[in-house]
Amino acid sequence: MEHIINVLPSLLQGLKYTFIITVVGISIGFVIGAFAGLGRISKNKLIFGISTVYVEVIRGTPILVQILFIYFGLSDLLDINLDKITASIIAIAVNAGAYIAEIVRGGVESIDKGQFEAGDSIGLTKSQTMWYIIWPQALRRMIPPLGNQFIISLKDTSLFSAIAVGELLYEGRAYANSTFTYFEPFLMVALFYLAITIPASIILRRIERKLDV
Amino acid sequence: MITVDNLHKSFGNHEVLKGISNKIKPQEVVCVIGPSGSGKSTFLRCLNLLEDVTSGSITIDGEEITDPQTNVPKVRSKVGMVFQHFNLFPHKTVLENITLGPLKVLGQSQEEAEQKAKELLAKVGLSDKANAYPSSLSGGQKQRVAISRALAMNPKVMLFDEPTSALDPELVGEVLAVMKELAQEGMTMVVVTHEMGFAREVGDRVIFIDEGIVMEEGDPEVIFEQPKSERLQSFLSKIL
């Protein structure tokens with residue numbers, strides 16, 4: 001019992017980094033994914049090609065390889081000293097961006113062709129039609145898979161303990177190793193993840209219902 | 001108002017329009033009839049470049065819209081379009097559906113656009129629906145909103161692509177009434193329709209398109225009473 005209490009300060013510290021990496025990473029990933037997803041339905045072959053290669057490469061490689069590549073590989077190649085948190089945020093952004101690209105593509109492609117035509121017919125430009133007509137409708141349909149991606153990315157941050165980022169799992173394991181107790185720290189780590197994922201699910205369901213016109 | 005010269009349109013190897021030429025005068029109401037798959041909807045959709053033209057030319061109000069240099073959105077803003085399936089924006093209220101184009105394309109102020117939208121809604125008998133969402137409207141109401149949305153752009157021409165085909169029979173009348181009023185006000189209209197009663201009563205001219213060409217055209221009375229070609233005779237015998 002005392003371990004459950006004693007582990008709390010370091011887990012709270014770890015939670016902070018887990019949360020920051022996830023939220024900042026997913027936010028950047030959403031912007032990347034929005035562009036890449038629209039790129040995947042672009043008629044411009046170059047844009048389509050770049051977006052497709054990006055999605056396939058990221059989807060086809062494990063995120064653990066990606067973080068090691070970014071943190072060690074890129075630092076080595078470019079001779080820079082990337083800090084761990086930045087590297088983690090980049091890894092989540094780039095990784096989630098690829099999956100979000102597919103979510104965006106699916107969302108936009110699910111909108112009836114007549115909506116594009118109606119936008120065209122009143123003289124809106126392609127980008128105006130996309131922004132005012134298609135995007136708001138597509139976004140609503142994208143919320144469930146986006147929520148899913150948020151939870152996946154949140155859990156993926158645990159892999160960054162491999163480069164000793166002080167996130168939730170790393171802090172829990174550090175405590176366990178230093179006290180030689182394992183049950184309570186890892187139980188608490190699991191509960192901490194659930195403490196974010198379950199409220200996140202509830203909030204997302206509320207947003208979804210609210211947008212359901 | 002509209003001059004179509006030797007219009008061809010192919011989808012891949014399939015040639016849908018095989019050389020259509022026609023002149024539509026200002027204030028004229030032209031009804032386009034023909035069997036399904038004849039190319040009549042494609043013809044209409046070419047008139048506001050929803051389909052790109054394979055060859056031939058279309059001139060609207062003195063501007064050749066088939067010129068590659070044409071500002072396509074600008075052309076479309078002058079040509080109103082009403083679709084079979086309404087295509088209202090489901091995430092916007094009736095009022096927002098109507099004001100979007102005037103606000104974003106014509107650069108009208110919010111007050112100006114809303115005032116015009118309310119006038120149009122009053123005209124089509126839907127003043128009480130301004131703040132409703134399309135999902136709460138009947139098909140006939142949706143189509144009347146769609147007509148208002150097109151009219152809000154002050155178009156020079158209105159195109160109707162089977163505007164009553166998706167409606168329950170008892171709702172057809174209210175939409176046709178709005179269209180009839182519009183015709184009486186002098187709007188230039190091209191209407192693809194299966195409503196022969198409307199074509200006869202409101203149309204100035206009927207064009208019968210079959211197999212991608214204008215098979216026959218003329219005064220509605222003549223077209224319906226004395227069809228010359230065998231194909232028109234057989235088409236009319238099936239639908240009347």
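Remark: chain A projects, on average over all directions, an area of 14.2 nm² (convex hull of Cα atoms). Taking a Cβ cut-off of under 15 Å around A:Tyr175, the surrounding Lys, Arg, Asp and Glu residues balance to a net charge of -3, with basic ones at +1 and acidic ones at -1. Only alpha carbons enter this Debye calculation for the range A:91-213, each as an equal point scatterer, and the log10 of I(q)/I(0) it gives at q = 0.09 Å⁻¹ is -0.41. Once both labels are positioned 7 Å from their Cα atoms along Cα-to-Cβ, the gap between B:Thr70 and A:Trp131 label points is 2.5 nm.
Using only the Cα atoms, what convex hull volume per residue in Å³ does the range B:83-151 have?
In the range B:83-151, the Cα hull volume divided by residue count equals 77 Å³.
From largest to smallest, the equivalent ellipsoid semi-axes obtained for the range B:103-240 from the alpha-carbon gyration tensor read 33, 17, 12 Å. Over all distinct Cα-Cα pairs of the protein assembly as shown, the Kirkwood formula returns a hydrodynamic radius of 25.9 Å. Placing +1 on the Cβ of every Lys and Arg and -1 on the Cβ of every Asp and Glu, with nothing else charged, gives the protein assembly as shown a dipole about its Cα centre of roughly 820 debye. Look at the stretch A:122-131: the mean tally of other chain Cβ atoms within 10 Å of its residues' Cβ atoms is 6. Dividing the C-alpha radius of gyration of chain B by 2.2 N^0.38 Å, with N its residue count, gives 1.01. Of the GluC sites (Glu not before Pro) found in the range B:126-234, those that fall in a DSSP loop while having at most 10 other beta-carbon atoms within 10 Å are B:Glu185.
Computed from label points 7 Å out along Cα-Cβ, the spacing between A:Leu211 and B:Ile239 is 4.2 nm. The convex hull of the Cα atoms of the range B:34-140, projected and averaged over all directions, covers 8.9 nm². Across the range A:51-109, the convex hull enclosing all Cα atoms gives 80 Å³ per residue. Charge dipole (Cα centre; +1 on Lys/Arg Cβ, -1 on Asp/Glu Cβ; no other charges) of the range B:85-213 amounts to roughly 360 debye. When you restrict to C-alpha pairs under 8 Å that are six or more residues apart and normalise by the size of chain B, the relative contact order lands at 27 percent. Look at where the Cα atoms of the range B:1-18 and of the range A:147-213 average out, and the two centres are 60 Å apart. What is the distance in Å between the Cα centres of the range A:73-108 and the range B:46-115? So the two Cα centres are separated by 41 Å. The trypsin sites (Lys or Arg not before Pro) found in the range B:136-229 that occupy coil by DSSP, while having at most 14 further C-beta atoms within 10 Å, are B:Lys228.
Adding -39500 (n - 2.57) for every DSSP H run of four residues or longer, then dividing by how many residues chain B holds, sets the calculated 222 nm ellipticity at -11000 deg cm²/dmol.
Mind pulling the angle between the C-alpha long axis of helix B:139-151 and the longest principal axis of chain B? Nearest 10 degrees, somewhere in 0 to 90. It works out to around 90 degrees.
Among the listed pairs B:Lys40/B:Lys104; A:Lys45/B:Lys9; A:Lys126/B:Lys142; A:Lys210/B:Lys142; A:Lys16/A:Lys84, give every one whose C-alpha distance is greater than 19 Å. Correct reply: B:Lys40/B:Lys104; A:Lys45/B:Lys9; A:Lys126/B:Lys142; A:Lys210/B:Lys142. Summary of the geometry: the range B:179-240 and the range A:109-134, compared by the centres of their Cα atoms, lie 31 Å apart. Helix B:110-123 and the long axis of chain B differ in direction by around 60°, with both axes built from C-alpha atoms. Measure nothing but the geometry: give the 0 to 90° angle between the long axis through the Cα atoms of B:94-104 and the longest principal axis through the Cα atoms of chain B, rounded to 10°. Once rounded, one gets 80 degrees.
Annotation for A:Phe19 and A:Asp79: the two label points, set 7 Å from Cα along the Cα-Cβ direction, are 4.1 nm apart.
Ignoring aspartates and glutamates fewer than eight residues from B:Lys118 along the same chain, the ones with Cα atoms less than 15 angstrom from its Cα are B:Glu96, B:Asp128. Packing here is the average count of other Cβ atoms within 10 Å per residue, and on that basis the peptides A:11-17, A:93-99, highest first, run A:93-99, A:11-17.
Taking each full run of DSSP H in chain A as one helix, which ones are at least 30 Å long along their axis (Cα atoms) and have mean Kyte-Doolittle hydropathy of at least -1.0? Before the final figure, lay out the partial values.
Working: long enough: A:8-40 (44 Å, 1.39); A:84-109 (37 Å, 1.06); A:183-211 (42 Å, 1.07).
Helices passing the filter in chain A: A:8-40, A:84-109, A:183-211.
Ordered by packing density, taken as the mean number of other Cβ atoms within 10 Å over each peptide's residues, highest first, how do B:75-87, A:72-84 rank?
Result, highest mean first: B:75-87, A:72-84.
Take each residue of peptide B:97-106, count the partner chain Cβ atoms within 10 Å of its Cβ, and average: the result is 4.
All of the numbers you see were taken from the coordinates with simple rules; none came from a lab. All figures in this text were calculated on a predicted structure; none of them were measured in a lab. No Cβ is skipped: glycine too gets one built from the backbone with ideal geometry, and neighbour counts run over all protein chains shown.
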